[in-house]
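Q: This is the structure I have questions about; it appears just below.
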Amino acid sequence: MQEQIFDALRRGAHDEALDAARAAVAAEPNASQPQLWLAMALKAAGRHDEAIAAIDHGIALSPEDADLHVHRAGLLLGARDLQAAQSALAQAVTLDPNQFGAYVMQAHLALAEGKPEEAERLSKLAARLAPEHPWSLALDGTLALHRGDADTALSLSTRALEMAPDDARVLLAAGLAYRQKGHHAFAEQMFRRLLDSEGAGPGSRLLLVQTMQVQRRPEDALEALQPLLKGDAPAHGLLRLAGELALQSGRTEEGMASLRRVLQQVPDDEPALFALMQAWRMTGDTEDARRTLEDALAKAPASALLWRARLAVEDTQDGADGIVDRWNTAAPGHVGALEARMQQHRRRGELDAAEAVAQRILAEMPGNALAHGLVVDRLHARDPGAAIDYVDNLLSQAGGDAAKEQLLVWLGALEDSAGRYAQAVARWTMLAELRRPAQLPLTPVSLLPDKVPAGDWPAWDTGGDAGNASRDLQTLFLWGPPGSCVEYVATQLSAFDGFRADRMSAAAPGDGFQRFASIDQLSSGELSGAMVADEWRKSLEARGIAGEHVIDWLVWWDNALLRALRPHFPAAGVVFVVRDPRDMLLQWLARGSPMQFSVPSPLLAAQWMSAVLSQMADTVAQPLFRSVLLKIDGIEGDAAAIGVRLSEALGLQVPVVPVAADILPAGHWRKYAEALAEPFAVLTPIAKQLGYPED
């Protein structure tokens, strides 16, 4: 359907394009992409207002789709200067090769077709006619964003702003560039001005709403959204956004009401259902959950998403069995229903029946990981070697990296369980190589103060008590190396309002505590501790933090940070989480880490870990800053025990938050003493320094 529409647009067959686009909308009324195609067909036919209405409806269906906002900018380019005679862009260029506006519009059309190279070519043609025209600069900025070059996009759009500060297209390009750079306050300014321009529409308001949301201002965002919720039947995408914002604002009933309306329109809307499931867990209202899900299932009886949700809110085993039976009746042979049946048999101890269902699933979906997992478990119980051979065979046939990653995880665990430790290390090393391109490199490690231009440590403002890690603390930094299981400590601390784990995500602040370059820059004097502290404090509001009452989980530690902490954080402390370094290396190799640090090789990883741990040990022992060393060997997965240890160390009452742990047991490293002899030899001295036995 898409190609048919684009082909008609290229030929100037507007009626044909409109018919095809309307058919696409009729076929998928709740999808945003057909609305984009309809908008393009309407624009080509000269029906500009209807085109804007179509694209705005598409944005309402998928408010989070940034591409729709970019395409709306292309439509807006025609608001003033492209006259009705330019209804067919290809014809317009043929009749007058110097029609700048037509080239710009064609570039946006090329982007809509997924042809960035063609868009780049047309942009260059437009630039020949008016290289410094704000539309040309804005278009080039949009293309730079498409390439992932936010710096160039921002530079071009700000130049365009200087020439056309009130132009809707330019404001949109600048706002998107600011947003991509993480300058959300500036993006908000652009979108507010865009709302006041003649090119404003629902899409502009949604951009403003989303920018407020990312700044953790859900109440302001919900208020800004209200004009789009008027009328009898707002689009489900808007209702979903309103529900999510209301929940984030603590207006639980209001949020749940909006999300229920979403399910009335689109019963299996996954984001709305996910938000509702979280709300039901928080309120404990399982009756409402069952009632709402039963209503949705009546409209979409084959939805695996809804059946899984319904199963999750059933609180008795008999009730769950009944749900599985109903699901298999409603969707016989559906893989999701069979998976539930397989798990039902497994739960009852009917393992032969579970394996038979697993084989049915694999006949239908040969790559089904859940079914393969059950078969592997059954083989492992009978013959561990046969289980390894089975997974090895799957690995030899695997096509994608995701499948290979899962299979190598299984193989490492199977080899470990079978006591084949050298083979397990080989599997985990292969796994590390596979993951490396998508992971972070190891940080540099700074030299001692007498070996760097910045010189001695700055004076330490102790706040009156250098030895007490919890005295008058406002700010607590948390760090543990890969394999330390620091994530389970973080889970317990997440019970506090000021806890932030955003540094582990794409929403991480770009401050000096995050950038790897800070280590060398602080050591050389290029970056001052005051600058790092100022950056950190300026980012707090955008992270939703009032004052400096925060528990900030760090991705990395280096003593270079002391150049910021000692003079500029008198009310701060650091909690270092550790286990036996040899266990940490093994855990990191086998299970990865939430920091997503790559393992270049077991030996290089050990050398890096030893250097970083030595710095940490110096900080605690001398002390160079207010800090505590939290050893969690043997209690890594015990939430209550970790809570007690934290309470003892910090003088805080730490609520217990359940954790689902995946940990190699403390001391497991000894089984790998031969397979990892060289890396362990590197780590033994620092292990002894931290109080662990040599053997």
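Quick note: the coordinates plus some simple rules give every number you see, no bench work behind them. Predicted model, so just to flag it, every value in this text is computed and none were measured. Glycine also receives a Cβ, built like all others from the backbone with ideal geometry; neighbour counts cover every protein chain displayed.
Q: Which cross-chain or sequence-distant (5 or more) residues have an amide H under 5 Å from the amide H of Ser627, H modelled 1.01 Å from N in plane?
A: For Ser627, the qualifying residues are Val574.
Q: Same structure, new question: Would you work out the charge dipole size for segment 136-277 about its Cα centre, treating the Cβ of every Lys and Arg as +1 and the Cβ of every Asp and Glu as -1, and quote it to the nearest 20 debye?
A: 100 debye
Q: Stretch Ser601-Asp461 to full length: gain in nm at 0.36 nm per residue minus the Cα-Cα span?
A: 46.4 nm
Q: For the residues Ile635, Ile361, what sequence is obtained by ranking on other C-beta atoms within 10 Å, fewest first?
A: On the way: Ile635 18, Ile361 21.
In order of increasing Cβ crowding within 10 Å: Ile635, Ile361.
Q: Further question: Excluding residues fewer than 8 places away in the same chain, name every one of the aspartates and glutamates whose C-alpha is closer than 20 Å to that of Lys181.
A: Straight-line reach from Lys181, under 20 Å: Glu64, Asp65, Asp67, Asp140, Asp149, Asp151, Glu162, Asp502, Asp511, Asp534, Glu535, Glu541.
Q: In nm, to one decimal, how far is the His146 label point from the Glu118 one, both placed 7 Å along Cα→Cβ?
A: That separation, rounded to one decimal, is 1.0 nm.
Q: Moving on. Out of every Cα-Cα pair in segment 449-689, what percent are more than 23 Å apart?
A: 49 percent
Q: What FRET efficiency do you get for Ala649 and Val214 if R0 is 35 Å and r is their Cβ-Cβ distance, rounded to the nearest 0.05? Intermediate values should be presented prior to the final figure.
A: On the way: r = 34 Å, r/R0 = 0.97.
Computed FRET efficiency for Ala649 and Val214 comes out at 0.55.
Q: In whole Hz, with x marking every Gly and Pro, tabulate ³J(HN,Hα) for segment 447-458 from phi via Karplus 6.51 cos²θ - 1.76 cosθ + 1.60, θ = phi - 60°.
A: 8, 5, x, 6, 10, 10, x, 5, x, 4, 4, x
Q: Only four residue types carry charge here, +1 at the Cβ of Lys and Arg and -1 at the Cβ of Asp and Glu. Report the dipole size of the chain about the Cα centre in Debye, rounded to the nearest 20.
A: Working: 64 positive and 91 negative charges, 65 e Å.
Around 320 debye, computed over the chain.
Q: Using a Förster distance of 56 angstrom, determine the FRET efficiency expected from the C-beta separation of Ala426 and Glu287, and round it to 0.05.
A: 0.60
Q: Still on this structure, I have one more. What stretch of the chain, leaving out the sites themselves, is the longest with no GluC sites (Glu not before Pro) in a DSSP loop having at most 11 other Cβ atoms within 10 Å?
A: It runs 199-673.
Q: Each residue of segment 236-250 in turn: what ³J(HN,Hα) in whole Hz from Karplus with 6.51, -1.76, 1.60 and θ = phi - 60°, glycine and Pro shown as x?
A: Along segment 236-250, the couplings run 5, x, 5, 5, 4, 4, 4, x, 5, 5, 5, 4, 5, 8, x Hz.
Q: Enumerate the calculated ³J(HN,Hα) couplings along segment 485-499 in order (Karplus 6.51 cos²θ - 1.76 cosθ + 1.60, θ = phi - 60°), each rounded to whole Hz, writing x wherever the residue is Gly or Pro.
A: Those phi angles translate into 6, 4, 4, 6, 5, 4, 4, 5, 6, 5, 5, 8, 4, x, 5 Hz.
Q: Right, here's the next one. What is the gain in length, in nm to one decimal, between Phe274 and Gln439 on full extension, counting 0.36 nm per residue of separation less the C-alpha to C-alpha distance?
A: 56.6 nm
Q: Could I ask something else about it? Arrange Asp232, Asp511, Asp151 by Cβ neighbour counts within 10 Å, fewest through most, would you?
A: Placing the least packed residue first, the sequence is Asp232, Asp151, Asp511.
Q: Let me ask another. Cα-Cα over 27 Å: which of Lys43/Lys124; Lys43/Lys115; Lys631/Lys671; Lys115/Lys299?
A: Pairs exceeding the cut-off: Lys115/Lys299.
Q: Say each of Asp618 and Met365 gets a label point 7 Å from the Cα, pointing the same way as Cα to Cβ; how far apart are those two points in nm?
A: Computed distance between label sites Asp618 and Met365 equals 5.3 nm.
Q: Which distance in nm do the two modelled labels at Lys671 and Ala495 give, with both placed 7 Å along the Cα-to-Cβ direction?
A: Taking the two extended label points, one gets 3.2 nm.
Q: Just one of [x] 119, 61, 45; [y] 84, 69, 49; [z] 103, 64, 44 is Cα extents along the principal axes in Å calculated from these coordinates, so which is it?
A: Evaluating Cα extents along the principal axes in Å on these atoms matches [y].
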